[in-house]
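Visitor: Got a structure here, written out as structure tokens. Questions coming.
The values are calculated or read from the model by the stated rules, or taken from the named source; none is laboratory data. Computed from a predicted structure; not experimentally measured. Cβ atoms come from the backbone with ideal geometry, glycine included; neighbour counts cover every protein chain shown. Ligands, DNA and RNA are excluded from the accessible area calculation, which covers all protein heavy atoms including side chains. Shrake-Rupley method; radii C 1.70, N 1.55, O 1.52, S 1.80 Å.
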Amino acid sequence: MIIVVGSINLDLIANVDRLPSPGETVSGSGFATAPGGKGANQALAAARAGAKVRMVGAVGKDSFAGEALALLRQAKVDLSGVAETFASTGTALIMVGDEGENIIAVVPGANASVLPGDLSKAFPGKGDVVLLQHEIPLATVEAALDQASAAGAVTVLNTAPFHRDAAGLLGKADYVVANETEFDLYGEVLSLSGRDRAARMRDFAGKTGRTIVVTLGGDGVMAATPTDSLTVPALKITPVDTVGAGDTFCGYFAAGLSSGLPLEQALARAGAAGTLACLKPGAQPAIPLAADVDQALLKSR
């Protein structure tokens, strides 16, 4: 079982000719809505990877809630841990440029009401994988890490979005997943040593006894364990929209760990899934099915 404790949003997506500079207005070419939120995205990715998934989070009693949960329901994710609150359902305002890059503003809404007391709905047990991010209160993330570890569950912490105050949580997770920018920022806060990113990753793993995974976009993924380092290359594509890549990676990575894959294989499958997610617009609609990921991996060999 994979238990995702995290955010649930509705994404409001505008396609623009190019991303604007501060104070600038640019022309748009399209608009769509799609279910999102880092927690929900990762839960759907884990489910599409073939795992059994429970979601713990919150939505509002508003018109956005049903659409925000629609694809999770379709994927048969257990939503018994999702509460309804009087706050609005979380929203993400996304602009996607012609080259596939994006900028995002997130309004937490109901996600801010996911509190440590709600973790009674998670029920982690020995061998479960608990997957977390930083779009809910950090006190809840810390409590979930502690409770999961006490229960014998494996913990995966995605460090997005960056919060300086969350740096102390990284050493509590069995696996930490960050993109290169996030890791560099946390490396400064944690005063990690080393001339380059790989050295600082080794320093983190050595000091904490944990595994750090850093995603590098088109350059693949790097990982450092307390005893080893490895690099997995990315599939070569022309991206359409990168907004769902990181969350797809995390969900597939958790599913790989849950199924007992060795670290390198779990990273390769997650990396392939994250790459394929860049071929379609949106976050959840772009998450690939397991069969498509496995076929892409076969073709890449």
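Visitor: What percent antiparallel are the DSSP beta bridges of the range 9-91, to the nearest 5?
Guide: About 50 percent, rounded to the nearest 5.
Visitor: Quote the charge dipole size of the range 76-171 about the Cα centre in Debye, to the nearest 20; the model charges only the Cβ of Lys and Arg (+1) and of Asp and Glu (-1).
Guide: Computed charge dipole of the range 76-171: roughly 320 debye.
Visitor: Give me the percent of DSSP beta bridges within the range 174-260 that run antiparallel, rounded to the nearest 5.
Guide: So the antiparallel bridges in the range 174-260 amount to around 60 percent.
Visitor: Once you put a point 7 Å from the Cα of Glu142 and another 7 Å from the Cα of Gln74, both along the Cβ direction, what distance in nm separates them?
Guide: Result: 3.9 nm between the two label points.
Visitor: Now, a different point. Please calculate how many Å² of accessible area the range 18-111 carries per residue, with a 1.4 Å probe and no DNA, RNA or ligand atoms counted.
Guide: For the range 18-111, the solvent-accessible area averages 47 Å² per residue.
Visitor: What is the range 221-275's relative contact order, in percent, from Cα pairs under 8 angstrom and six or more apart in sequence?
Guide: 41 percent.
Visitor: Leaving out ligands, DNA and RNA, and with a 1.4 Å probe, what % of the accessible surface on the range 167-301 is carbon or sulfur?
Guide: Within the range 167-301, the accessible surface is 52 percent carbon and sulfur.
Visitor: Could you tell me the calculated FRET efficiency between Gln295 and Glu99, based on Cβ-Cβ distance and R0 = 45 angstrom, to the nearest 0.05?
Guide: Rounded to the nearest 0.05, the efficiency is 0.95.
Visitor: Now for a different question. Sum -39500 (n - 2.57) across every DSSP H segment of at least 4 residues in the chain, then divide by the residue count to get the 222 nm mean residue ellipticity, nearest 500.
Guide: Result for the chain, helices only: -10000 deg cm²/dmol.
Visitor: Now a separate question. Residues of the range 128-180: accessible area per residue at 1.4 Å, in Å²?
Guide: That works out to 31 Å² per residue.
Visitor: Also, quick follow-up: Along the charge dipole of the range 50-104, which of Val77, Gly97, Gly60 sits closest to the positive end, that is, farthest toward it, with unit charges on the beta carbon of Lys, Arg, Asp and Glu (+1, +1, -1, -1)?
Guide: Val77
Visitor: Exactly which trypsin sites (Lys or Arg not before Pro) in the range 27-117 are in a DSSP loop and have at most 14 other Cβ atoms within 10 Å?
Guide: Lys61, Lys76
Visitor: What distance in nm separates the two pseudo spin-label positions at Leu279 and Thr238, each 7 Å out from Cα along the beta-carbon direction?
Guide: 1.4
Visitor: Right, next: What residues of the range 242-274 lie in the reach of a label at Val26, counting those whose backbone N is under 15 Å from a point 7 Å from the Cα along Cα→Cβ?
Guide: Hits in the range 242-274 for Val26 at 15 Å: 242-243.
Visitor: Grab the beta carbon distance between Lys207 and Leu19, set R0 = 35 Å, and tell me the FRET efficiency rounded to 0.05.
Guide: 0.40
Visitor: Suppose every K and R has +1 on its Cβ and every D and E has -1 on its Cβ; what is the size of the dipole of the chain about the Cα centre, in Debye to the nearest 20?
Guide: Charge dipole, the chain, about its Cα centre: 800 debye, nearest 20.
Visitor: Could you please state how large a percent of the accessible area of the range 2-161 is carbon and sulfur, counting protein chains only and using a 1.4 Å probe?
Guide: It is 56 percent, rounded to a whole number.
Visitor: Using only the Cα atoms of the chain, build the gyration tensor, take square roots of its eigenvalues as a ≥ b ≥ c, and label the shape rounded, prolate or oblate: rounded if a/c is under 1.5, else prolate if a/b is larger than b/c, else oblate.
Guide: Taking the square roots of the gyration eigenvalues as a ≥ b ≥ c, the chain is rounded.
Visitor: Calculate how many DSSP beta bridges within the chain are antiparallel, expressed in % of all such bridges and rounded to the nearest 5.
Guide: 40
Visitor: Output the relative contact order of the chain, whole-number percent, from Cα pairs under 8 angstrom with separation of 6+ residues.
Guide: 18
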